[in-house]
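Read the structure below first, then the notes.
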Amino acid sequence: MKFHVLALVAFIAVPQLALAQTCQRIGNQTYCSNGMSAQQIGNQTYYSDGTTSQRIGNQTYYSSGTTAQQIGNQTYYSNGTTAQQIGNQTYFSNGRTCQQIGNQVYCN
């Protein structure tokens with residue numbers, strides 16, 4: 001379950017999805033309130049804007065050039081953003097927060 005939470009939060013942290021307020025995961029598909037969607041197949045994620053990402057160990061590589069590294073409950077993005085997950089809450093260094101309830105993630 002932890003991977004699914006992190007995948008949803010990482011999905012929201014991608015610059016193209018920065019305006020998404022709510023995302024819902026159904027199976028291997030994620031749908032966000034801003035119209036963006038993604039499909040996860042194994043360690044690959046395909047976003048509706050054409051961006052792709054690949055997770056290898058604790059690293060995620062986006063085709064846009066962004067990278068993310070997860071260390072424990074912290075995630076470090078190459079654009080300087082960091083995120084900390086505490087329980088079902090994720091706190092971003094830019095002031096944004098997200099909360100997971102079931103298969104939904106709500107962000108401010």
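Values in this text are rule-based calculations from the coordinates and carry no lab data. Everything quoted here is computed from the prediction, not taken from an experiment. When we count neighbours, we look across all protein chains shown, and the Cβ atoms used for this are built from the backbone with ideal geometry, even at glycine.
Values as computed for the structure displayed
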item: Residue exposure sequence - Cys23, Cys107 - by fewest surrounding Cβ within 10 Å; result: Cys107, Cys23
item: Label point distance in nm, Gln39-Thr22, each placed 7 Å from Cα along Cα→Cβ; result: 2.5
